[in-house]
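Please read the structure below before turning to the comments.
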Amino acid sequence: MVIVVLCMIILLEVLLLGFNYRCRMHLRAVEDLRRSQQALHCARAGLNIAIAAIRDANDICTDRGLLYRLSGENSFSVDDGECTVAITEENGKLNLNLLKDKNGELNRTRIDQLLQLIDLLNQEDGGNSHIGYSLVPCIIDWTDKDDQVTYLPFIKHENLGVESDYYSDLTPSYRCKNKPLEAIDELLLIKSVTPQIVERTRDFVTVYGDGEIDINCAPKRVIESLSGKMDPALAKMIVERRKAKPFDSMMELRDVPGMTDSIYYAIKKTGTVKPSDRYFHVTSQANVGRLSRTIVTILRQNNETKNVEVLLYKELQCVEGNQRKDNG
């Protein structure tokens, strides 16, 4: 009889321990959900701060104070959370949707710029993650309206693109889009494009804007790609000059030491210092406790009205800095 009672007591203790564990797990899940929602609201507050800064600043790209606060390296408190906001201007990047002109003809200037950018990135990487020239005709075939395979005769190797015949043989199969790219991550659908290639090119290419490169915010690598005669020293000189005082006109580039007529006119073909519309990539990340939420957006600002429009909105969830979930 005593043994039976002891067994019942042990069984009850096991059941109570299990019940207690489940209760604690449910309470933790509820607390995580609460903190996750707090972090999301905090990230949204950061996004609203970015929108207000873009709308109210004369030129956020040249406002050093705002750039310092909204560089992604400085956090600020929002209720129980900490938030960081990073803003970069898309107008300083090469537009992958404009490798053909409105008439469907190859735009040799922009194609050469992309090829030069590929060369620069390959030299920088040392061959660990090579980017092939075939990326260029494959992007053209993905974004143009026809089903004809692109051939670039001015490239010796890797000069052919692919159309739906190639993609239909994949598993899973799909068709060539034959429309402009809507986001940089869409590159992953294109032949031979890996996540590593996307990450290596992300800071230098875009799918937004009219293709004119804002010299006042373009990365040094993009400036180098604007002319085959541009050397790293001159590109660095341009970057240093605009830090001291942003360019008010393209003519001021002529005063940069080392500038030649041929380089100047090459830059002038697709360069500007006064873009008609501005496009911004904004990342707002908030942390509440061990939970983090991130919002990634693309914003467009009309220079005349100063109105800011959200073109792309994605929510990312990160638990304890490890697992990330795309909720966009």
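Taken over the stretch 122-161, the residue count meeting the criterion of being outside any loop (DSSP other than H, G, I, E, B) and closer than 17 Å to Asn95 by Cα is 9.
Within the span defined as the stretch 192-214, every residue fails to be more than 24 Å from Val162 (Cα to Cα) and out of contact with any strand residue (DSSP E or B) (no Cβ under 8 Å at 6 or more places or on another chain). Filter the stretch 65-94 down to the residues that are in a loop (DSSP other than H, G, I, E, B) and surrounded by fewer than 14 Cβ atoms within 10 Å (Cβ to Cβ), then identify the one that is modelled with the highest pLDDT. Ranking the qualifying residues of the stretch 65-94, first place goes to Asp80.
Within the stretch 181-216, the set of residues being exposed (fewer than 14 other Cβ atoms within 10 Å of the Cβ) and in a loop (DSSP other than H, G, I, E, B) comprises Ser192, Thr194, Asp210.
Taking the stretch 137-157, which residues are in contact with a Phe, Trp or Tyr (Cβ under 8 Å, 6 or more places away or on another chain) and closer than 21 Å to Ile184 by Cβ? Within the stretch 137-157, Pro137 is the sole residue that qualifies. Is it the case that Thr62 is under 32 Å from the mean Cα position of the chain (by Cα), β-branched (Val, Ile, Thr), outside the structural domain of Lys245 (by TED's automatic domain parsing) and at pLDDT below 75? So Thr62 passes the test.
Each residue in the stretch 236-256 was checked for being of a type in the set (Gly, Ala, Ser) and either crowded, with 22+ Cβ neighbours inside 10 Å or assigned by TED's automatic domain parsing to the domain that holds Leu114 (or both), and 0 pass.
Looking across Ser173, Ser192, Ser164, one residue alone is assigned by TED's automatic domain parsing to the domain that holds Tyr133, closer than 22 Å to Thr143 by Cβ and without any contact (Cβ under 8 Å) to a residue 12 or more places away in the chain. It is Ser173.
Among the residues of the stretch 135-180 satisfying the criterion of being of a type in the set (Val, Ile, Thr) and at pLDDT below 95, which is surrounded by the most Cβ atoms within 10 Å (Cβ to Cβ)?
Out of the qualifying residues, it is Ile155.
What are the residues in the stretch 187-197 that are farther than 22 Å from Ile223 by Cβ and aliphatic (A, V, I, L, M), if any? Don't jump to the end; show me each part of the working.
Let us first name the residues in the stretch 187-197 that are farther than 22 Å from Ile223 by Cβ, namely 187-196.
Result: Leu187, Leu188, Leu189, Ile190, Val193.
Which one is surrounded by the most Cβ atoms within 10 Å (Cβ to Cβ) among residues in the stretch 217-235 that are under 23 Å from the mean Cα position of the chain (by Cα) and not hydrophobic (A, V, I, L, M, F, W, C)? Looking at residues that are under 23 Å from the mean Cα position of the chain (by Cα) and not hydrophobic (A, V, I, L, M, F, W, C), I get Ser225.
The values are calculated or read from the model by the stated rules, or taken from the named source; none is laboratory data. Model, not experiment: these values are computed from the prediction. Counting neighbours? That spans all protein chains shown, and the Cβs are built from the backbone with ideal geometry, glycine included.
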